[in-house]
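Input: a single structure, listed below in structure tokens.
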Amino acid sequence: MKALWDLAQSLPEYRANTTLIFLPDHGRGKAPHKWKDHGQKIPDSKYIWIAFLGPDTRALGERTRIHAVTQGQIAATLAAFFGEDYVSAVPKAGNPIADVIPH
């Protein structure tokens, strides 16, 4: 993540004008075993982390005592960064993650 952020900041057309969003496609669960799979075999593999880095995204740090957010909110969040209302077009989509949308 640092390498991508540093690269974006080194390019004039991206510096101070780019938000990076990082998230895995699935979590690893809480099992103490060697992790090699996901899905029903690994309880809690549905839990993931999401990181937003950008010039207009507030630095909130690692957060744990918040309402759950889901991967189903990512498309609406991306659209909101561009001023678009994804939920109007796709009503079953999750709402944007309000805490990371620039105001």
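The values are calculated or read from the model by the stated rules, or taken from the named source; none is laboratory data. Note that the coordinates shown come from a computational prediction; the quantities given were computed from them, not determined experimentally. All Cβ positions, even for glycine, are placed from backbone atoms using ideal geometry, and neighbour counts span all protein chains on display.
Identify, from the list THR70, THR64, the residue that is hydroxyl-bearing (Ser, Thr, Tyr), over 12 Å from the mean Cα position of the chain (by Cα) and modelled with pLDDT under 85.
After applying the criteria, what remains is THR64.
Select from region 1-19 the residues that are touching a strand residue (DSSP E or B) at 6+ places or on another chain (Cβ under 7 Å) and of a type outside the set (A, V, I, L, M) and write down the one among them that is modelled with the lowest pLDDT.
The first filter runs over region 1-19 and keeps only residues touching a strand residue (DSSP E or B) at 6+ places or on another chain (Cβ under 7 Å), leaving 1, 4-5, 8, 19.
Checking which are of a type outside the set (A, V, I, L, M) leaves us with 5, 19.
Details: TRP5: 94, THR19: 91.
Filtering region 1-19 for residues that are touching a strand residue (DSSP E or B) at 6+ places or on another chain (Cβ under 7 Å) and of a type outside the set (A, V, I, L, M), the one modelled with the lowest pLDDT comes out as THR19.
Report yes if PRO43 is part of a loop (DSSP other than H, G, I, E, B) and either at pLDDT 85 or above or surrounded by 13 or more Cβ atoms within 10 Å (Cβ to Cβ) (or both), otherwise no.
Here the answer is no, as PRO43 does not meet what is asked.
Can you tell me how many residues within region 67-93 are of a type outside the set (Gly, Ala, Ser) and touching a residue at least 12 places away in the same chain (Cβ under 8 Å)?
Counting residues in region 67-93 that are of a type outside the set (Gly, Ala, Ser) and touching a residue at least 12 places away in the same chain (Cβ under 8 Å) gives 9.
From PHE22, PHE82, which residue is at pLDDT 90 or above, aromatic (Phe, Trp, Tyr) and surrounded by 12 or more Cβ atoms within 10 Å (Cβ to Cβ)?
Being at pLDDT 90 or above, aromatic (Phe, Trp, Tyr) and surrounded by 12 or more Cβ atoms within 10 Å (Cβ to Cβ) holds for just one of PHE22, PHE82, which is PHE22.
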